[in-house]
Amino acid sequence: MSTVTAPAVTPSRAETGWGALLVLLTGTFVTLLDFFIVNVAIPSIQVDLRAGPSAVQWVVAGFGLALAAGLITGGRLGDLYGRRRLYASGLGLFTLASAACGLAPSAAVLVGGRVLQGAAAALLMPQVLAIINTVYTGARRVRAFSAYGVAVGLGAVFGQLVGGLLIRADLAGLGWRSIFLINVPVGLAAMAVSRRLVPESRLVTGAGLDLVGTVLVTIGLIAIVYPLVAAEPVGWCLAALPPLAAFTWHQRRLAGRGGAPLVHPHLFAARSYTVGVLVSLAFQLTMASFFLVLAVYLQDGRGLSALASGLLFVPLGLGYLVTSVLSGRIAARLGRQTLAVGALVVAGGYGLIALAAQEPTGWLVPGLTVAGAGMGFVVAPLPSIVLAGVAARHAAAASGVLSTAQQAGNAVGVALIGSVFYHALDTGPFPHAFALSLGVLVVLSVAVAVLVQWLPRRGA
């Protein structure tokens, strides 16, 4: 298989088939699915492994913490040592970690497996966007990014439904373990064909990994995310300021001396990228937090089972699927305003859901469908818009920063909206808390539409 070097482009870039994209999206889907799917298995895990509240919390949080802390470094490793190689390595490690989770004899082993899953996902995920950005061009590149958006959304939206179906099916008597073990054959199949179908690409340079920058950014990201996922006081996040300030200074100094920083300052020369990362972070404040309060409201507030509540995600997913498929053509006409329209549609969907919070469950369906449609208009075209002005030599690092912003947005959003939701429960019933949380999400979604206006009109 030929190698694509940056900034040079070889003929293989134009000849790359859709099989490569299928392999890349398989890894994307299973990693994102596992981020969300575990929520429905928590009750079974508690009983089977005699897991206490702290262990259960880390089954969920360990994945997200390791993922957020490693994404930037994972992107840089792909630049240096080959993006296909890092993708395959990350997928292999994720498959191994999934097997460890599925066979875990204790809660401690399960937590360790989840942390390993997150670290593996941090190696894998930046390479997907980087490879798409490097090997596809023109209209094929737009279609590839749209397909990526579909995979991301479906993994997130249908995670709870897939988990509920697997647990209900109780394949081979595995119960909750099947949600992890199902990844093993899928991961092995994708690894088997990745070398043949996915072209290699890397940044040609004699420099090695910026170890000082790696340590500083990892400490800084952990300091941001840990207090949020561990429900510590938000003030603890201030501990991230010194290492992140030192990281920024170190990157500028290293770049000024002609070195190879982990995140090159030139990466932010494109306004489409800098503002796009902020848009992505802001929008992610609403995504994971909405899924959290919706799941809690349906199961604890409405008394639905995991499978029944998962089925209510279907209209959300259908709305997302339709608009994400159409988003490429719409974005070709509306450009950045596709994101603004999507954010406003999401706000409208949340508003409809809030109005139906005290009505029979079926009244939630129109709002869920509208909200899902809005998400498709944002999530699917966003990577293409954000990465449009990024030079090929910074592709994996740029993807790592973008993915880190998304994970940070997820963590901050869950902490913010979760706090609003549970505080409201102290003074009122579930419908009141749910509707109040949705009101905050409406405001945040409108703010995203305003932020989009700072994007350049033609991705410069």
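Side notes on the structure shown:
- Semi-axis lengths, largest first, of the ellipsoid equivalent to the stretch 12-209 are 31, 18, 13 Å, with √(5λ) applied to each eigenvalue of the Cα gyration tensor.
- Sorted peptide list for 437-450, 334-347, criterion being average Cβ within 10 angstrom, highest first: 334-347, 437-450
- Within the stretch 326-460: Cβ-based charge dipole about Cα centre, in debye rounded to nearest 20 (Lys, Arg +1; Asp, Glu -1): 760 debye
- J(HN,Hα) series, the stretch 132-141, from Karplus relation 6.51 cos²θ - 1.76 cosθ + 1.60, nearest Hz, glycine and proline x: 4, 5, 9, 9, 10, 10, x, 5, 5, 5
- Estimated from the Cβ-Cβ distance and a Förster radius of 35 angstrom, the FRET efficiency linking Thr274 and Val322 is about 0.65.
- Inter-part distance where the stretch 98-123 and the stretch 394-448 are each reduced to a Cα centre, Å: 26 Å
- FRET efficiency, 1/(1 + (r/R0)^6) with R0 56 Å, evaluated for Val47 and Arg140 via beta carbons: 0.70
- Label zone at Ala108, where the point sits 7 Å out along the Cα-to-Cβ direction: the stretch 30-53 residues whose backbone N lies under 20 Å: 45-53
- With Cα atoms, 0 to 90° folded angle of helix 313-334 axis to the chain main axis: 40 degrees
- Spin-label pair Val450/Trp249, simplified geometry with 7 Å Cα→Cβ offset, distance in nm: 3.4 nm
- Among 185-197, 68-80, sorting by the average number of other beta carbon atoms lying within 10 angstrom of each residue, highest first, gives 68-80, 185-197.
- Proportion of all alpha-carbon pairs of the stretch 288-424 beyond 22 Å (%): 46 percent
- The charge dipole of the chain, taken about its Cα centre with unit charges on the Cβ atoms of Lys, Arg (+1), Asp and Glu (-1) only, comes to about 1580 debye.
- Dividing the summed -39500 (n - 2.57) terms of all DSSP H runs of n ≥ 4 by the residue count of the chain sets its mean residue ellipticity at 222 nm at -25000 deg cm²/dmol.
- Overall, the ratio between the Cα radius of gyration of the chain and 2.2 N^0.38 Å, rounded to two decimals, is 0.93.
- Modelled spin-label separation between Leu211 and Leu171, with each label point placed 7 Å from Cα along the Cα-to-Cβ direction: 4.3 nm.
- Cα convex hull of the stretch 136-215, projected area averaged across orientations, nm²: 9.3 nm²
- Hz values of 3J(HN,Hα) by residue in the stretch 432-439 - Karplus curve (6.51, -1.76, 1.60), Gly and Pro given as x: 5, 5, 5, 5, 5, 4, 5, x
Bear in mind these aren't lab numbers, they're just calculated from the coordinates by the rules spelled out. The model shown is predicted, which means the values in this text are computed figures rather than measured ones. We place every Cβ from the backbone using ideal geometry, glycine too, and count neighbours over all the protein chains shown.
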